[in-house]
Number of protein chains: 2
Amino acid sequence: MTDLFAPLDDHPAYRQIANVIEKRIVARSLRAGDPLPSEMDLARQFGVNRSTIREAIRELETHGLLGRVRGEKRLRVTRPEPRRVSSGVSRALALHDVTFLELWEAMMAIEPVAAQYAAARRSPAQLQTLMRAAARFKREVADTAAAVSAVVDFFTAVAAASGNQVLALSQAPLNLLLAPALTRMIDRVPQARARIQDAQGRIFEAIKLGRSEQARTWMEKHIRDFKRGYDIDRQASLVAG
Amino acid sequence: MTDLFAPLDDHPAYRQIANVIEKRIVARSLRAGDPLPSEMDLARQFGVNRSTIREAIRELETHGLLGRVRGEKRLRVTRPEPRRVSSGVSRALALHDVTFLELWEAMMAIEPVAAQYAAARRSPAQLQTLMRAAARFKREVADTAAAVSAVVDFFTAVAAASGNQVLALSQAPLNLLLAPALTRMIDRVPQARARIQDAQGRIFEAIKLGRSEQARTWMEKHIRDFKRGYDIDRQASLVAG
DNA sequence: AGTGGCAAAATCGTCCGACAGTCCGATTAT
DNA sequence: ATAATCGGACTGTCGGACGATTTTGCCACT
């Protein structure tokens, strides 16, 4: 039935070292901003070769736990940038061939809630970021790439204004997935641009005035529109194909 | 005002190489399961030293884009495991000192929706996984660690049953964050265990019978309970302190 | 005392070469 | 055909090396 022995997974040295350092960071024994000892020093402390240390460091660096400030040589402990980690998630999702419907359902779950909290908690600065994103969409509406980027920025700004890092980080990967889908759609569905602009205006107003329920409702409609646009696009494609 | 020239961020060779390979993978030019050329071979192709290749590979390996099947020497292209990527997210969130409230709000946004879809789409196998998790909680309710782990498994099973990878991957990090908070709470709030068991039973029933609305509603109540438990715990702590 | 400048020391990115342990494929023996 | 065997291919780790930059220590100067 069950095996008597489990296969022992031997961890190469570089992985063990990476784990040790990672644990220190997570346990706050090493705090963000702290400089790390030099590679040679670490090699000495761990009793391994510098090459091995380097490989270990690479692991933590890609996780965003280590990094260096521009132009500096020394490695420092860093807090993982949301951007970095969310791009990893969206890449993973892309590789798993998520459908637009999956993406859309997740957006329906997260974005309206984010908008709701944003209305209740946005700071003036966040409000302005939001406004700028909406303005940029209006201004660059003709340039597809810029318009899509503005849409993404708008969503990002809403999530940031929600004052909830978990929501923000859950939402970020969705944006990156939305972009390509939206790019295709926005060009093929004539009314899309106008509807987006209208929705952004209403959502912005609601958030500005602190109307949580309205913000939520309008965001829901906004997201629902994406699906409508997608369906129209698909029908068009089918007809065309 | 704005500088005329942006400081060019020098890409070390290992990063450039990692990017090139990553692009190939994302573009499906290298597909999951494909074996990667040997390090020596890659070094030759890129015209760099093997050490440099190794550092590049380390990047992709930690992102889960490369890996090796157990006991095999050769690296293969892999699809990032949800577990791996979500643990990265939750670590990032932990390092950003998210509050329980933030976590809870995100759960409130995602879990009920996941339950709703699960009721509509769960496969028999998923249903059984769900049942086993609930049973395990009931059985190990006395063992705090095991009970918490069972709760996490239950949520994971619900998300998996939702048939939506995006929701599942958005939800996974929340679990990892929930565990420690729940561990503390479950021991201090007497009625917590009974309420969890009850809620799991009802949610399971709803999902089993395909009652989407009920599944959603019960999950909402379930999550709400967590906050109540947390508040009670906090009050108790305050009184004690 | 504080500042500026400069040369030495430290550190990083990359390279070369090497070796033991292990996995794979082919060859040989049963 | 299957099992045992052997050599080659690779990975993990090591030691050393070198140019390019950054950091540091020190000294002169205001």
Checklist line | Yes/no for A:A142 being more than 10 Å from chain B (Cβ to nearest Cβ) and surrounded by 15 or more Cβ atoms within 10 Å (Cβ to Cβ) | finding: no
Item checked: helices (runs of 4 or more DSSP H) contained in segment A:1-116 and holding at least 3 residues under 28 Å from the mean Cα position of the chain (by Cα), more than 13 Å from DNA strand C (Cβ to nearest atom) and of a type in the set (S, T, N, Q) -> A:82-95
Check: Taking interchain pairs and intrachain pairs at least six residues apart, which have beta carbon atoms under 8 angstrom, with the first residue in segment A:51-69 and at the interface with chain B (Cβ under 7 Å from one of its Cβ atoms) and the second of a type in the set (K, R) and within 11 Å of DNA strand D (Cβ to nearest atom)?
Finding: A:S51/B:R54; A:E55/B:R54; A:E55/B:R58; A:R58/B:R58; A:E59/A:R15; A:E59/B:R58; A:T62/B:R58
Check: On the given criteria, is A:T156 of a type in the set (S, T, Y) and closer than 19 Å to A:R195 by Cβ?
Finding: no
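For (1) over 30 Å from B:P173 (Cβ atoms); (2) crowded, with 20+ Cβ neighbours inside 10 Å, each residue gets a yes or a no:
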position: B:V20; (1), (2): no, no
position: B:L36; (1), (2): no, no
position: B:Q45; (1), (2): yes, no
position: B:E72; (1), (2): no, no
position: B:V89; (1), (2): no, yes
position: B:V113; (1), (2): no, yes
Check: Inside segment A:158-202, can you point out the residues that are within 28 Å of B:V26 (Cα to Cα) and charged (D, E, K, R)?
Finding: A:R184, A:D187, A:R188
Margin query: Considering only residues that are at positive phi and over 23 Å from the mean Cα position of the chain (by Cα), which ones fall in segment A:159-203?
Written below: none
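Just the residues that are modelled with pLDDT under 90 and either touching a helix residue (DSSP H, G or I) at 6+ places or on another chain (Cβ under 8 Å) or exposed (fewer than 15 other Cβ atoms within 10 Å of the Cβ) (or both), please, taken from segment A:75-84.
Applying the first criterion (modelled with pLDDT under 90) to segment A:75-84 yields A:81-84.
Within segment A:75-84, A:E81, A:P82, A:R83 qualify.
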Check: What is the number of the single condition among (1) under 14 Å from the mean Cα position of the chain (by Cα); (2) more than 23 Å from A:V113 (Cβ to Cβ) that A:A135 does not meet?
Finding: (1)
Check: Among the residues of segment B:161-195, how many are surrounded by 24 or more Cβ atoms within 10 Å (Cβ to Cβ) and away from chain A (no Cβ under 12 Å)?
Finding: 1
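Within segment B:161-176, does at least one residue satisfy the condition of being within 16 Å of DNA strand D (Cβ to nearest atom) and either free of Cβ contacts under 8 Å to residues at least 24 places away in the same chain or under 30 Å from B:P37 (Cα atoms) (or both)?
Checked segment B:161-176: no residue is within 16 Å of DNA strand D (Cβ to nearest atom) and either free of Cβ contacts under 8 Å to residues at least 24 places away in the same chain or under 30 Å from B:P37 (Cα atoms) (or both).
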Notebook entry, point to check: When segment A:32-50 is examined, which residues are found to be more than 11 Å from chain B (Cβ to nearest Cβ) and more than 9 Å from DNA strand D (Cβ to nearest atom)?
Noted result: A:G33, A:D34, A:L36, A:P37, A:S38, A:E39, A:M40, A:D41, A:L42, A:R44, A:Q45
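The values are calculated or read from the model by the stated rules, or taken from the named source; none is laboratory data. Predicted model only: the values in this text are computed from it and were never measured. Backbone-built Cβ (ideal geometry, glycine too); neighbour counts: all protein chains shown.
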